[in-house]
Amino acid sequence: MRWTKLLLGFILVLVLILFGKEDTMGKDIPALREVYKDYFPIGAAVSPETIVLFDELLKKHFNSLTPENQMKWEIIHPFPSVYRFDPADKIVEFALKNHMRVRGHTLVWHQQIPSWVFKDDKGNFVSKKVLLERLREHIMKVVGYYKGKVAVWDVVNEAISDNPKEFLRDAPWYKIGGEEIIEKAFIWAHEANPNALLFYNDYNLEEPVKRDKAYQLIKRLKEKGIPIHGVGIQGHWLLGWPTPEMLEESIKKFASLGIKVEITELDVSIYKDRYENANFADNPPEDRLEKQAEIYKRIFEVLRRNKNYISGVTFWGVADNVTWLDFWPVRGRKDYPLIFDINQNPKKAFWEIVNFK
Ligand code: GLA
């Protein structure tokens, strides 16, 4: 009887050793940051909550972090003389403790910014001079505060208009200050931290018309001697858009300006277009996951081929249980755009990115 119990115990321990490790959140899988160590840093956008939720995954796979919202004006500088660094500090501390690079995001953007920035006491738009003074104060304070900690800044986000008939976006920043806002933002960010790499960041830069506008803008800045070091292609992609060829053309075109390129907000929605009338609430269909994996595979082929120009690739999130695409553009439509699933296990897309050697 005693021997039978011992034998059973022995078998149980053996089974645990052999199979127990199988999958507790993919502990035995290759580490993305290791697989890509000769290519580029692998990043994720995070919040003070997700650095706790995804603690293990982050430490294992990622070596670059971007605060998803915590450095945006409305959070870091909500009122004229109030700066709140706490939420972003949590992320920066976590990153530095774990030897990760930090991308600061973002200094000039038309969204998630309080309206006081553009207004006087009476609610009228301020002059260009006043707006530039406010911008300078903000940049010197925020970039200065993170000097030595934040290595890369998305200085200006989404300034270019989607309307082919206009160049800069129809937003208070540019209505009041024009292109000088962009020039000064880069100059002051450089003044506040001469070691930081400074980026222009935008979406749809794979599309020829917008790609050309961004190219023209950056070319002008470079010709004027403005310190700009890179362009961020956001990379919020869909099952049918863009093609790898479009991406490669953009990378080459921007690289010809002598700047670096990063994919800064990568995710691949499992929907075919932004407003597809479907909702895979419980389970993503197998064929969609396969298609998504194929897209990730082809994107990373392009990225690896162009590694000399690429200084980082950042996912906009970590695992499918937390993604902004559940709320945008269709609120409540569940999406599965990342390479780890809702249980933090690797998806087919993960394996396509990792198995190339
Ligand atoms: C844009 C911004 C990001 C983020 C995403 C949506 O791409 O650059 O900061 O807000 O939208 O989450």
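The values are calculated or read from the model by the stated rules, or taken from the named source; none is laboratory data. Computed from a prediction, not measured in an experiment: that's the story for all the values here. As a convention, Cβ positions derive from the backbone with ideal geometry for all residues, glycine included, and neighbour counts pool all protein chains shown.
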State whether one or more residues within region 70-78 are part of a helix (DSSP H, G or I) and more than 16 Å from the ligand (Cβ to nearest atom).
no
Pull up region 310-331, narrow it to residues that are under 21 Å from residue 357 (Cβ atoms) and in contact with a helix residue (DSSP H, G or I) (Cβ under 8 Å, 6 or more places away or on another chain), then point me to the one that is surrounded by the most Cβ atoms within 10 Å (Cβ to Cβ).
313
Quick one: which of 46, 82 is at pLDDT 95 or above, closer than 30 Å to residue 115 by Cβ and touching a Ser or Thr at 6+ places or on another chain (Cβ under 8 Å)?
46
Pairs please, first residue from region 79-97 and surrounded by fewer than 17 Cβ atoms within 10 Å (Cβ to Cβ), second anywhere and among the hydrophobic types (A, V, I, L, M, F, W, C) and in a strand (DSSP E or B), Cβ atoms under 8 Å, 6+ apart in sequence or on different chains.
96/102
Of the numbered conditions (1) without any contact (Cβ under 8 Å) to a residue 40 or more places away in the chain; (2) under 29 Å from residue 41 (Cβ atoms), residue 311 fails exactly one; give the number of that condition.
(1)
Which of the residues that make up region 192-214 are surrounded by fewer than 21 Cβ atoms within 10 Å (Cβ to Cβ) and among the aromatic types (Phe, Trp, Tyr)?
203
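Results for (1) modelled with pLDDT under 95; (2) at positive phi; (3) under 20 Å from the mean Cα position of the chain (by Cα), shown as yes or no for each residue.
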| site | (1), (2), (3) |
| --- | --- |
| 149 | no, no, yes |
| 155 | no, no, yes |
| 158 | no, yes, yes |
| 169 | no, no, no |
| 174 | no, no, no |
| 181 | no, no, no |
| 184 | no, no, no |
| 195 | no, no, no |
| 199 | no, no, yes |
Give the residue that is nearest to the ligand (Cβ to nearest atom), with candidates limited to residues of region 307-325 that are touching a Leu at 6+ places or on another chain (Cβ under 9 Å) and over 14 Å from residue 237 (Cβ atoms).
322
Among the residues of region 130-164 satisfying the criterion of being outside any loop (DSSP other than H, G, I, E, B) and among the aromatic types (Phe, Trp, Tyr), which is farthest from the ligand (Cβ to nearest atom)?
145
In the set 266, 239, 257, 247, which member is of a type outside the set (D, E, K, R), in contact with a Lys or Arg (Cβ under 7 Å, 6 or more places away or on another chain) and within 30 Å of residue 342 (Cβ to Cβ)?
239
Which of the residues spanning region 286-299 are within 15 Å of residue 337 (Cβ to Cβ) and either of a type in the set (Phe, Trp, Tyr) or exposed (fewer than 12 other Cβ atoms within 10 Å of the Cβ) (or both)?
296
Candidate set from region 28-69 (those that are assigned to a helix (DSSP H, G or I) and surrounded by fewer than 16 Cβ atoms within 10 Å (Cβ to Cβ)); member that is nearest to the ligand (Cβ to nearest atom):
52
Of everything in region 101-122 that's under 18 Å from residue 193 (Cβ atoms) and more than 13 Å from the ligand (Cβ to nearest atom), which residue is surrounded by the most Cβ atoms within 10 Å (Cβ to Cβ)?
102
How do the pairs read when you match residues in region 105-123 that are at pLDDT 95 or above and part of a loop (DSSP other than H, G, I, E, B) with residues anywhere that are among the aliphatic types (A, V, I, L, M) and more than 12 Å from the ligand (Cβ to nearest atom), using Cβ under 7 Å and keeping only pairs 6 or more apart or on different chains?
110/171; 120/126
Name the pairs whose Cβ atoms lie under 7 Å apart, with the first residue in region 264-275 and closer than 12 Å to residue 242 by Cα, the second away from the ligand (no atom under 14 Å from the Cβ) and among the hydroxyl-bearing types (Ser, Thr, Tyr), and 6 or more positions between them or separate chains?
268/296
Criterion: farther than 16 Å from residue 236 by Cα, part of a helix (DSSP H, G or I) and in contact (Cβ under 8 Å) with a residue 60 or more places away in the chain - qualifying residue of 299, 353
353
Scanning region 215-237 for residues that are away from the ligand (no atom under 14 Å from the Cβ), surrounded by 16 or more Cβ atoms within 10 Å (Cβ to Cβ) and over 16 Å from residue 190 (Cβ atoms) gives 215, 217
